[in-house]
Amino acid sequence: MNDMTDIQAEPAAALDPVCGFVLGLRAGDIPGDVQERAALLLLDTIGVCAASAPMRAGVLGRQAALRLYGATDPAFAARMLFDGREVSVAGAVFAAATQTDNLDAHDGFNPVKGHIGVVTVPTLAALAQHDDGLSGPDALAHLIVGYEVAGRAGQALHATVADYHTSGAWNALGVAAMAARMRGHDAATLREGLGIAEYHGPRSQMMREIATPTMLHDGSGWGALAGMTAAIMAEEGFTGAPAITVEGRAASAFWADLGAVWQTQSQYVKPYPICRWAHAAIDAAREVQIAHDFAHPEIAEITVRSFRNATALYPHMPATTSQAQYSLPFAVATMLVHGRIGLAQIEGAGLSDPEVAALVARTRMVASDEHEALFPAHRSADVTITLKDGREFHSGLTHARGGAERPFGREDIVTKFHDLAGPVLGAERAQAIADAALALTGDNSRFADLNRLLTDPV
């Protein structure tokens, strides 16, 4: 690994382009297709945030924010999403990110093995409560800055340290950058904010959570809290060490294409509320069953071959929603039994479904060098299903749907939003949110028209 403590001799060499992008990017500088994608990612994340609002982790996250992260100054307060109670802006982003993170259906970025929209959308929504005149294109520009900064900080961290940290570790920098931009910081204050955010970002080990799934998930709630707190502290004059994922010599390559290559375009969209590592296997099993038209009671054995991290997912029938979202055998079995994976399948009675449990017991996972060679740029698997009558069906190499290899279009994402948000918000409110979010690319749109729909409780 490279030495990330080796800071470039002249801070301006690293910081000037980043500060220029974060603080100076205009909506008119952003290609239209990138703006369109950002609006769809915003809608997708809102859908996940809404659907997760009644879940226990979301309720607990909001309660913690209310008790611990309140605000006495209205200038630093915000209403929590799909709740309405007022806390500090740091508390509001913590609550929404924690909530969203615990329904594993939000967007992700393959090179960082993690997720960005889970913090950028709450940051935009919380800070925009103080800017009623914010235009739709300008709001999308703020959002895009978060995606671009967090993604590059994440790549720099992954490339230069030995262990695998959760998204919160580098998401904190994306939040700090958005806050600096939206609160009118100068370049010097932005530098301090990035340094504070990186220093205090949660360097939690992801594979510990994979081995023992809990409500911790991907550390994004704490990353959002650290990033927003860092920006406000910098605003008040607090200083931070240079952000080595930005200013380190080994990090420079990851920032060289800032403003030329739009990583916002490369975020995948999930069709299922399950860890992305399991999606290729789910899709492979789904497509084999559709092609050969067999029912799940006919199955004698399922063999899944995938990359090593995927085969390390929870191997048993889950007892909790957290375990369900990190269990590859459970996800594959659920798809074969029910033909879908939604909220009903990963909580409540879905966790004790005897037909799913029978298939989990018949599932074998095998780490494959072929799939390992493609990871993390690609998430692939292949599945062999053997029936009780001796017939055997092979999927062949399968890529997960919703990514670059098998992208989701506008209608796919809108349909997913309604499937998640509709049962919680009602069809009328969900449709109003969709209309307002998709209208943000228009020059005459206002983000407040969307934001006012996001804070009333569910």
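The numbers here are math on the coordinates, done by the rules we state, and not lab data. The structure displayed is predicted, hence computed values, not measured ones. Cβ sites come from the backbone with ideal geometry, for glycine too, and all protein chains shown count toward neighbours.
Below, the figures for the structure above:
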| quantity | calculated |
| --- | --- |
| Spatially proximal lysines relative to Lys113 (Cα-Cα < 16 Å; intrachain offsets below 8 disregarded) | Lys270 |
| Value at 222 nm in deg cm²/dmol, rounded to 500, when DSSP H runs of n ≥ 4 in the chain each add -39,500 (n - 2.57) | -16000 deg cm²/dmol |
| Cα gyration tensor, the stretch 11-266 - rounded (a/c under 1.5), prolate or oblate | rounded |
| Ranked by how many other beta carbons lie within 10 Å on average, peptides 127-135, 109-117, 391-399 from highest | 109-117, 127-135, 391-399 |
| Full-stretch length increase - Ala344, Asp33 - with 0.36 nm per residue and alpha-carbon distance subtracted | 108.5 nm |
| Modelled FRET efficiency - R0 22 Å, Val59 with Thr214, Cβ distances, 0.05 increments | 0.90 |
| Stretchable slack from Lys388 to Gln205, in nm (0.36 nm times residue separation minus alpha-carbon distance) | 61.8 nm |
| Relative contact order of the chain, defined on C-alpha pairs under 8 angstrom at six or more residues apart (%) | 22 percent |
| Where labels lie 7 Å past Cα in the beta-carbon direction, separation of Thr320 and Ala188 in nm | 4.7 nm |
| Cβ-based exposure ranking for Thr189, Thr214, in which fewest neighbours within 10 Å come first | Thr214, Thr189 |
| Highest to lowest packing among 76-88, 257-269, scored as the average C-beta count within 10 Å | 76-88, 257-269 |
| Between helix 56-68 and the chain: long-axis angle, C-alpha atoms, 0 to 90°, nearest 10 | 20 degrees |
| Spin-label model distance (nm) - Asp449 vs Ala427, 7 Å beyond Cα toward Cβ | 2.3 nm |
| Förster radius 35 Å - calculated FRET efficiency between Ser266 and Ile290 (Cβ-Cβ, nearest 0.05) | 0.80 |
| Förster radius 30 Å - calculated FRET efficiency between Arg26 and Asp456, Cβ distance, rounded to 0.05 | 0.40 |
